[in-house]
1. Given the condition surrounded by 10 or more Cβ atoms within 10 Å (Cβ to Cβ), closer than 30 Å to ALA171 by Cα and not assigned by TED's automatic domain parsing to the domain that holds HIS200, answer yes or no: does some residue in the range 124-138 qualify?
2. So in the range 125-140, with the set limited to residues that are in a loop (DSSP other than H, G, I, E, B) and of a type in the set (S, T, N, Q), which one is nearest to THR160 (Cα to Cα)?
3. From the set of residues in the range 180-239 that are touching a Phe, Trp or Tyr at 6+ places or on another chain (Cβ under 9 Å) and closer than 27 Å to ILE102 by Cα, which is surrounded by the most Cβ atoms within 10 Å (Cβ to Cβ)?
4. Which residue is modelled with the lowest pLDDT, if the candidates are limited to the range 44-60 and must be in a strand (DSSP E or B) and either under 35 Å from the mean Cα position of the chain (by Cα) or closer than 21 Å to TYR146 by Cβ (or both)?
5. Can you tell me which residue within the range 31-47, out of those that are of a type outside the set (A, V, I, L, M) and touching a Pro at 6+ places or on another chain (Cβ under 8 Å), is surrounded by the most Cβ atoms within 10 Å (Cβ to Cβ)?
6. Among the residues of the range 20-43, are any modelled with pLDDT of 85 or more, in a helix (DSSP H, G or I), touching a strand residue (DSSP E or B) at 6+ places or on another chain (Cβ under 9 Å) and under 30 Å from LEU144 (Cα atoms)?
7. Please pick out the residue among ALA100, ALA39, ALA116, ALA122 that is under 30 Å from ARG155 (Cβ atoms) and touching an Asp or Glu at 6+ places or on another chain (Cβ under 6 Å).
Amino acid sequence: ELGSGSFVPGFEEQVIGMKAGEEKDLDITFPENYTADLAGAAVVFKVKVNEVKERQEPALDDEFAKDVSEFDTLDEFKKDLKEKLKARRQQQAERDYEAAVIDALLENLVCDVPEAMVEYRADKMVEEQAMRMQQNGLNFQDYLKYMGLSMDDVRAQAKTAADRAVRTALALDAVAKAEGIEVTQEELDAEVKRLAEQFHVTEEEVREVTNESDMKQDLGSKKALELVKSSAKKPAKKKEEAQGETEAQAE
């Protein structure tokens, strides 16, 4: 679709204005940050327009709601959208709050981050990304080629995220030890079951590809994070309650 921005730079501009049945040679130079085999290469695309279509905006009525959703009326569809948008905003607010809590923890973290831990975590992140794509029927190498990325690009991105993840894990591990947080076998089993359902595999397969020690540490970190988040919310909640009492007394 023209205007989507999904084509190589310079492609759309040369196609705009072509008519059905028209053929044209497009001179394109791939960007320098494209995949290594095509970066900076000058190529010629032979293009033929089979037909030209224009997107038509549908009427917003009950028939539209039936076509795009499980609802029979537009009002029901709108209500469902509002509820989903509200839930999405709440989830985003929770993620933003969690990120702020982690930032505060990392500011107080004073330690040397082992490079081996960062490298290991980066490798796991890349493996997990490839696994998620495979579960969705996508080939990881095809995805990289389509996005114009190399494995080195993905690895560099993963390493940046891994550094923060490792430092976060170290901070939360310190919280877990200080607070005596432990992970039970029941919690480990529940996590294995959750992962099996998420990736549509058996629990045995999950256990084969996961490290129980790593999983235990991750669960401990999650429990520590929930503790820190709840502790950080308490002062704000008390402040709001005190303000409410003051306003009530003033009335």
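1. At the first step, the residues of the range 124-138 found to be surrounded by 10 or more Cβ atoms within 10 Å (Cβ to Cβ) are 124-135, 138.
Cutting the leftovers down to closer than 30 Å to ALA171 by Cα gives us 124-132.
Filter again for not assigned by TED's automatic domain parsing to the domain that holds HIS200, leaving none.
No: the range 124-138 contains no residue that is surrounded by 10 or more Cβ atoms within 10 Å (Cβ to Cβ), closer than 30 Å to ALA171 by Cα and not assigned by TED's automatic domain parsing to the domain that holds HIS200.
2. Let us first name the residues in the range 125-140 that are in a loop (DSSP other than H, G, I, E, B), namely 136-139.
With the extra rule that they be of a type in the set (S, T, N, Q), the set shrinks to 136, 139.
Working: ASN136: 25, ASN139: 24 Å.
Per the stated criteria, the residue is ASN139.
3. The initial filter retains those residues of the range 180-239 that are touching a Phe, Trp or Tyr at 6+ places or on another chain (Cβ under 9 Å), namely 205-206, 229, 232-233.
Going one step further and asking which of them are closer than 27 Å to ILE102 by Cα, we end up with 229, 232-233.
Working: LYS229: 15, ALA232: 13, LYS233: 12.
Checking each candidate, the answer is LYS229.
4. Within the range 44-60, the match that is modelled with the lowest pLDDT is PHE45.
5. Restricting attention to the range 31-47, the residues satisfying the condition of being of a type outside the set (A, V, I, L, M) are 31-35, 37, 40, 45-46.
Filter once more, keeping what is touching a Pro at 6+ places or on another chain (Cβ under 8 Å): 31, 40.
Details: PRO31: 14, GLY40: 11.
In this case the residue turns out to be PRO31.
6. No, the range 20-43 contains no residue that is modelled with pLDDT of 85 or more, in a helix (DSSP H, G or I), touching a strand residue (DSSP E or B) at 6+ places or on another chain (Cβ under 9 Å) and under 30 Å from LEU144 (Cα atoms).
7. Details: ALA100 fails: touching an Asp or Glu at 6+ places or on another chain (Cβ under 6 Å); ALA116 fails: touching an Asp or Glu at 6+ places or on another chain (Cβ under 6 Å); ALA122 fails: touching an Asp or Glu at 6+ places or on another chain (Cβ under 6 Å).
Of ALA100, ALA39, ALA116, ALA122, the one residue that is under 30 Å from ARG155 (Cβ atoms) and touching an Asp or Glu at 6+ places or on another chain (Cβ under 6 Å) is ALA39.
Per-residue answers, yes or no, for (1) at pLDDT 90 or above; (2) in contact with a Ser or Thr (Cβ under 6 Å, 6 or more places away or on another chain); (3) of a type in the set (Ser, Thr, Tyr):
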{"position": "SER69", "(1), (2), (3)": "yes, no, yes"}
{"position": "GLU76", "(1), (2), (3)": "yes, no, no"}
{"position": "GLN91", "(1), (2), (3)": "yes, no, no"}
{"position": "GLU98", "(1), (2), (3)": "yes, no, no"}
{"position": "LEU106", "(1), (2), (3)": "yes, no, no"}
{"position": "LEU109", "(1), (2), (3)": "no, no, no"}
{"position": "GLU128", "(1), (2), (3)": "no, no, no"}
{"position": "GLN135", "(1), (2), (3)": "no, no, no"}
{"position": "VAL166", "(1), (2), (3)": "yes, no, no"}
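The values are calculated or read from the model by the stated rules, or taken from the named source; none is laboratory data. Everything numeric here is computed off the predicted structure, so don't read it as measured data. When we count neighbours, we look across all protein chains shown, and the Cβ atoms used for this are built from the backbone with ideal geometry, even at glycine.
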